[in-house]
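Encoded as structure tokens, the structure appears first; notes follow it.
The values are calculated or read from the model by the stated rules, or taken from the named source; none is laboratory data. Keep in mind that what you see is a predicted model, and the values were worked out from it rather than measured. Neighbour counts are summed over all protein chains in view; Cβ atoms, including those assigned to glycine, are modelled from backbone coordinates with ideal geometry. Note: accessible area is taken over every heavy atom of the protein model, side chains too, but ligands, DNA and RNA are not part of it. Shrake-Rupley method; radii C 1.70, N 1.55, O 1.52, S 1.80 Å.
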Amino acid sequence: AAGWFRLADYEEKSGGKEAAAKALKRVLALNPDDIFGAGLKLALLGDARTPEQPPSSYVERLFDDYADRFDAALVERLNYTVPQKLAALIADHAGKTRFAHTIDLGCGTGLFGAEIRDVTDYLEGVDLSANMLAKAEAKKLYDRLGQADLSLSVEACGLFDGERKAGRADLVSAADVLMYLGNLEGVFEIVDRLLSDRGLFAFSVEDLEAGESTSETGFALRPSLRYAHNEAYIRRLVGDRGFSVTQISRTAIRDDGGKPVFGILFLAAKGKPDA
């Protein structure tokens, strides 16, 4: 399957889209779990519908392979700034308020955890990648770490069992995570279940610009194999869950191919302002 996937890449770069699509279908036949993201590539080639979520096996493998060089790649070479900017957005709203329990969704190696550790009493981190969790564990930032899959239902995602009750967090974060998901309705349901009354949800998305996609869903798959979301889509989800947007910031979030990638940072509060 790996060889067919490499062949598809060569065919696409040489302009042979039909040959690339044929090779990608061979990848899927050999590897139905799609650890290579062949289905995403087929969608970009126009040979398949854009999936609402990428395969969990693809995302898990991507970050398991990336874990050893993740910090150096993002911070030193890609000018990654989401953790600091998201923490600043939270501080601007909450002032010197301490959080009793923060849940860092898609915590990775702990880049956002390092920014929020000093203002939270209990820091819980979850990620799909075991190798990322091992890197986070080595930094000794988190009080608890665990594996979870945000593309699954509330019941199956791995965030609620035993002592891990609903409503346990007053801050939930998702720094540079939601671009690896398309449809975010399930994520907002999970966050709603995690948060206590008036809790905060701080998160980032890649900014889907007007005219970039003909999709009416509010999100689109990019050649980077990440999803971008527009502000209207996020505001609809926020409103549907009974949240209210308290802070928003448009900013460059990282570099890609020597060019800045622009995103939107949101801070949303559970419950309407007049509740």
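Quick notes on this one:
- Computed from backbone phi, the HN-Hα couplings of region 128-133 come to 7, 8, 5, 5, 5, 4 Hz, rounded to whole numbers (Karplus: 6.51 cos²θ - 1.76 cosθ + 1.60, θ = phi - 60°; Gly and Pro given as x).
- The lysines whose alpha-carbon is closer than 23 Å to the alpha-carbon of residue 140, local same-chain residues fewer than 8 away aside, are 85.
- DSSP assigns beta bridges within region 120-275; of those with both partners inside it, close to 70 percent run antiparallel.
- Proximal lysines relative to residue 41, as straight alpha-carbon distance under 30 Å, when same-chain residues fewer than 8 apart are discounted: 13, 17, 22, 25, 135, 259
- Selected from 180, 227, 66 as most flexible by GNM, with the chain as the system and alpha-carbon contacts under 10 Å: 66
- Between helix 56-66 and the chain there is an angle of about 80 degrees, using the helix long axis and the longest principal axis of the Cα atoms.
- Percent of beta bridges antiparallel (DSSP, the chain, rounded to nearest 5): 55 percent
- Between 0 and 90 degrees, the angle of helix 2-13 with respect to the longest Cα principal axis of the chain falls at about 80 degrees.
- Over the chain, relative contact order from alpha-carbon pairs under 8 Å, at least 6 apart, %: 15 percent
- Taking a straight Cα-Cα cut-off under 17 Å and skipping sequence neighbours fewer than 8 places away in the same chain, the aspartates and glutamates within cross-link reach of residue 96 are 115, 118, 121, 170.
- Within the accessible area of region 120-275 (1.4 Å probe), percent carbon and sulfur: 48 percent
- Top positive-direction residue, dipole computed over region 37-111 with Cβ charges, set 89, 72, 106: 89
- Compared with the dominant Cα axis of the chain, that is its longest principal axis, helix 82-94 is turned about 30°.
- Alpha carbon Rg of region 1-57, scaled by the compact-globule rule 2.2 N^0.38 Å: 1.01
- Cα pair distances exceeding 17 angstrom across region 111-245, given as percent: 62 percent
- Using distinct alpha-carbon pairs, which all enter the 1/r mean, Kirkwood radius of region 42-122 in Å: 15.3 Å
- 20 °C / 1.002 mPa s Stokes-Einstein diffusion coefficient of the chain, Kirkwood radius on C-alpha pairs, µm²/s: 111 µm²/s
- Calculated over region 136-196, the projected area of the Cα convex hull averaged across directions stands at 4.6 nm².
- Magnitude of the charge dipole, the chain, Cβ model with Lys/Arg +1 and Asp/Glu -1, debye to 20: 220 debye
- Fluctuation leader among 263, 15, 167 - the chain, Gaussian network, Cα springs under 10 angstrom: 15
- Where Rh is the Kirkwood radius over Cα pairs, Rg/Rh for region 165-230: 1.05
- Residue 245 accessible area, 1.4 Å probe, all protein chains in place, Å² to nearest 10: 50 Å²
- For region 1-82, the solvent-accessible area with a 1.4 angstrom probe is 58 square angstrom per residue.
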